[in-house]
Amino acid sequence: MSHFFRLGDLAQRVGGRVIGDPAREVRGVATLEAAGPDDLTLLTDSRYRKTALRTRAAAVLVGPGTSLPGHDLLETAEPYLALAEILELFHPPPPRRAEVSPDARLAPDVRLGADVEVGPFAVLGSAVSVGSRSVIGAGCVLGEGAVVGEDTVLRPRVVLYPGTRVGARCLIHSGVVLGADGFGFATSAGKHRKIPQVGRVIVEDEVEIGANSAVDRGALGDTVIGGGTKIDDLVMVAHGVRIGPDSLLVAQSGVAGSTRLGAGVTLAGQAGVAGHLEVGDGSIIGAKSAVFEDLPAGSFVAGIPAVDHRIWKRAVTHVKKLDDLRREVRSLRERLRVLEAERGGGAEP
Amino acid sequence: MSHFFRLGDLAQRVGGRVIGDPAREVRGVATLEAAGPDDLTLLTDSRYRKTALRTRAAAVLVGPGTSLPGHDLLETAEPYLALAEILELFHPPPPRRAEVSPDARLAPDVRLGADVEVGPFAVLGSAVSVGSRSVIGAGCVLGEGAVVGEDTVLRPRVVLYPGTRVGARCLIHSGVVLGADGFGFATSAGKHRKIPQVGRVIVEDEVEIGANSAVDRGALGDTVIGGGTKIDDLVMVAHGVRIGPDSLLVAQSGVAGSTRLGAGVTLAGQAGVAGHLEVGDGSIIGAKSAVFEDLPAGSFVAGIPAVDHRIWKRAVTHVKKLDDLRREVRSLRERLRVLEAERGGGAEP
Amino acid sequence: MSHFFRLGDLAQRVGGRVIGDPAREVRGVATLEAAGPDDLTLLTDSRYRKTALRTRAAAVLVGPGTSLPGHDLLETAEPYLALAEILELFHPPPPRRAEVSPDARLAPDVRLGADVEVGPFAVLGSAVSVGSRSVIGAGCVLGEGAVVGEDTVLRPRVVLYPGTRVGARCLIHSGVVLGADGFGFATSAGKHRKIPQVGRVIVEDEVEIGANSAVDRGALGDTVIGGGTKIDDLVMVAHGVRIGPDSLLVAQSGVAGSTRLGAGVTLAGQAGVAGHLEVGDGSIIGAKSAVFEDLPAGSFVAGIPAVDHRIWKRAVTHVKKLDDLRREVRSLRERLRVLEAERGGGAEP
């Protein structure tokens, strides 16, 4: 890429300031190790400071108060936000085709907005509606009555079960299944009879859902992924769950049926929340944790079952020292026995 | 929907009784919050009693002994079973098409029963057989020799590897992969050589498998999902496992190679069972637990490693109080030191 | 199958020796229970010795020093390696078709090596390259510029996002998604702004990836799966991770962003490694464990958080006995109170 931006121009765009040479030319963005003399790189984690000192990058994007002798810096209050903006400059989205592949199969009553792209071997059922400028990737299957908003992208091989609604400006990655039946059975005499799952999945605007994740339709009501929520890969959201807005569900986490996660909740990797619970706004659930009770807003929990993360940290430390504690109790018992023997009474039970 | 059922008629169908007005008209089924004056709703969990008191529903389906002043009730011994029956009344399955899409590709020797539906872009390999009234969804791929029984539904984008057998009246959700290779390698001098996986996957009758789950073929023998077993989304069943009949595997749970789960076993969400184990009939494995040893029939375990759930609950309580226990031990030591000092002997070690 | 091998010939091929009759005819390989009088079977785990004594098999493949009265044995130093070789003899790969389905859609500039097979409804984007003798299964989608090496097999319904590179002699199972966006957002005032993910996924040679697993593209640099690494089903590898060579990731395990797993690392089932960590060569991470700190080479850890597996085992034992420990502390306190009362001082706090 011969196109470049000057460091000073980048600073202006992201509302930051240059510490060093604002005329420095930047032609790309790369990691600390991979950056060449034309690249901008990023340092936000002090663990990588040593690597940063050796980087060959043209300049380093940093947060406030970082010094890095021998390097030109672009300092901003929120370096990740600046990174997002700068990467969009260097990597504009590829030109859109806005055509419906002759190899796609659309029911006669499908409604498409302007400039919709539909890839080969996609199947759009009866009464499906897709908003303007949206992309339905190759091999996607949109069941009867599914609705996709404007400027939304479904990567190849997404399935929307009948009646599923996806909002505007969403990004749904390959392998995602929205609207499969919730896991609801009435068990009688050891046999499991299916309870028809007649609710829907509603994905609001600006939601991203990662590869191979699954969101099940509600049993009676709807499963709702609130606006601005971001879901990573291989995440499971069960029937009747409501999430968000603006929550984060990291990879392989899961939420059981009818639970409600408030606004801005973070579920870290491989964490789980049991069914029929309420998790308050802004709560953070640590990686690999399991929540088994309601959490008030602003909770920060970890462990199985999840407790306040400070309690969990101390408990974990104690558990590792249980050897010592048992040894100490044994020693106390011995000393006590000596005292008891001396005064001639108190037989050991 | 203008069609309706009278509450008394519904009671008769499900073997329940009306407490209130049997002539009440019911036109749908909805959640406690969403129900309007024509809807039946459901109350089985006392946590939702308050919400139930405010519901606008025409009537409430309840278990024995529930009172709810101001509401007509439909009381049954097994309200979830009644819900299943009533939902089937209000939501009959959509009419079937029973046609093979001209966009599907079937090998010349595929055998189809009567009234089979095959969706667009499905691929059925050589010697595949599909029983009467079954549905093969859009984009499914059935490898050579795969067999599907009668009245079974494969939602879009299911893959059956060659030789996989699925029974009658099964429901396999989108993204499921049955019969991929088990994870078997012979490691020599640090290199992993593949052990060909030549067994099959056998799914018996009336099994449901949730979105994006995977069941691997056996290494030598078969992996068997017993009749009536229900599997949720993103579940992993490894090579040579045998499960069921009538077991439940909740979302994101997993069973490692060659393990056998008996009849009516429940594996709760995100739980796991290690390889080469036997889990007895009717056992329950708590959410997020990990089983590392054989379990006798009727076990109810939790934790990592899983132990009897009562032991686990006490252990969890104790762990949270380890702070207190350590403090107490420290205090005992101090008091002991005082006693020892008074009698002038027993130096602290 | 009427074709057979004599036991002595099999021994010669795998570098083992016959204990018994080398002329014995072997026509297949089966489990201890299922084996008939023409089959070879395998015994490596002493738990199955009883079953082995009853097997009807023609002969039993065993490791050094196993005796099994009444059975002909094929003894080898590495019985699993021998099993792999023998299974390849009895189950040669099916004949290849080496044709491009007329129902596949290839961009005009796709480059295919010799004897490439492309299944129906596969989509190969612009500038895609596939090496000789490779197989692209039905319904696969290979984005712009994706590269597949020689002798690699993509089972049906694999997605390679644009720019993804898969090496030679790899096996990628159905439902796998390589190169979806990493989970990277800049959060400002509670809103999550996407950080464009502009790195790639690089899968080196001889890698196997199980059904429905996902490997995300790097944010800036690449995500790299080192040569000879084997990944099981439903595994998640996040952006910027580097793994291997020759590592094993068992089902439902996950690795968070930017972490590096060295050579020959084993991540057991449902285990996880947090982001930005280094796990040294040859480390073993126990099932259901969670690694939250760097691990030196040769570590063997378990637990949440993961610690040395011996510490974990003792801690687990202690936790189960916390009831006893608390009872003992209470008893010590009582005895101490007696002593203190006798000498007339030290009031209990």
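Label-to-label distance, residue A:126 versus residue B:67, with points set 7 angstrom from Cα along the beta-carbon direction: 4.9 nm. Counts of other chain beta carbons within 10 angstrom of each beta carbon in peptide C:218-224 average 4.
Taking the helices alone, the protein assembly as shown has a mean residue ellipticity at 222 nm of -5000 deg cm²/dmol, built from -39,500 (n - 2.57) per DSSP H run of at least 4 residues and averaged over all its residues.
The mean number of partner chain beta-carbon atoms within 10 angstrom of a residue's beta-carbon across peptide B:244-257 is 5. Distance distribution P(r), segment A:269-349, all Cα-Cα pairs, bin width 5 angstrom from 0: 3, 14, 16, 14, 8, 7, 7, 8, 7, 7, 6, 3, 0 percent. Each peptide in B:91-99, C:18-26 was scored by the mean count of other Cβ atoms within 10 Å over its residues; highest first, the order is C:18-26, B:91-99.
I want the local charge near residue B:5. Using Cβ-Cβ distances under 13 Å, sum +1 for each Lys or Arg and -1 for each Asp or Glu among the other residues.
On the way: positive: B:6, B:13, B:24, B:27; negative: B:9, B:25, B:38, B:39, B:85, B:88.
After counting each charged neighbour, the total is -2.
Fewest neighbouring Cβ atoms within 10 Å first, the residues B:324, C:294, B:151 line up as B:324, C:294, B:151. Taking other C-beta atoms within 10 angstrom as a stand-in for reagent exposure, C:121, B:90 fall in the order B:90, C:121, fewest first.
Shape verdict for chain C, please, from the Cα gyration tensor: rounded (a/c under 1.5), prolate (a/b greater than b/c) or oblate. Since a/c reaches 1.5 but b/c is at least a/b, the shape of chain C is classed as oblate.
At a Förster distance of 22 Å, what's the computed FRET efficiency of residue A:327 paired with residue B:313, Cβ-Cβ distance as r, to 0.05? Plugging the Cβ-Cβ distance into 1/(1 + (r/R0)^6) gives 0.25. Subtracting the Cα-Cα distance of residue A:12 and residue A:343 from their residue separation scaled by 0.36 nm leaves 110.7 nm.
If each residue of separation counts as 0.36 nm, what is the full-extension length gain between residue A:23 and residue A:96 once their alpha-carbon separation is subtracted? Intermediate values should be presented prior to the final figure.
On the way: separation 73, 0.36 × 73 = 26.28 nm, distance 3.37 nm.
Between residue A:23 and residue A:96, full extension yields 22.9 nm more.
Roughly what % antiparallel, to the nearest 5, for the DSSP beta bridges in chain C? Counting DSSP beta bridges with both partners in chain C, the antiparallel share is about 15 percent. Peptide C:82-88 shows a mean partner chain C-beta count of 5 within 10 Å per residue C-beta.
Looking at the protein assembly as shown, what % of its DSSP beta bridges pair antiparallel, to the nearest 5? Kindly include the intermediate steps, with their values, before the conclusion.
Numbers: 33 of 229 bridges.
Around 15 percent antiparallel, to the nearest 5.
Residues considered: A:168, A:287, A:186. Largest GNM mean-square fluctuation over chain A, using C-alpha springs under 10 Å, is found at A:186. Would segment A:66-166 count as rounded, prolate or oblate if I go by the C-alpha gyration tensor, calling it rounded below 1.5 in a/c and otherwise prolate when a/b exceeds b/c, oblate otherwise? It comes out prolate by the Cα gyration axes.
Charged side chains reduced to their Cβ positions (Lys and Arg at +1, Asp and Glu at -1) give the protein assembly as shown a dipole of some 2380 debye around its Cα centre.
Which of the three applies to the protein assembly as shown, rounded, prolate or oblate, going by the alpha-carbon gyration tensor with a ≥ b ≥ c and a/c under 1.5 meaning rounded? Note, shape of the protein assembly as shown comes out rounded. Beyond 21 Å, the tail of the calculated P(r) for segment B:1-125 holds 48 percent of the Cα pairs.
Any read-out appearing in this document is the output of simple, stated calculations on the displayed coordinates, not a laboratory observation. Just so we're clear, the structure is a prediction, and the values are computed from it rather than from any experiment. All Cβ positions, even for glycine, are placed from backbone atoms using ideal geometry, and neighbour counts span all protein chains on display.
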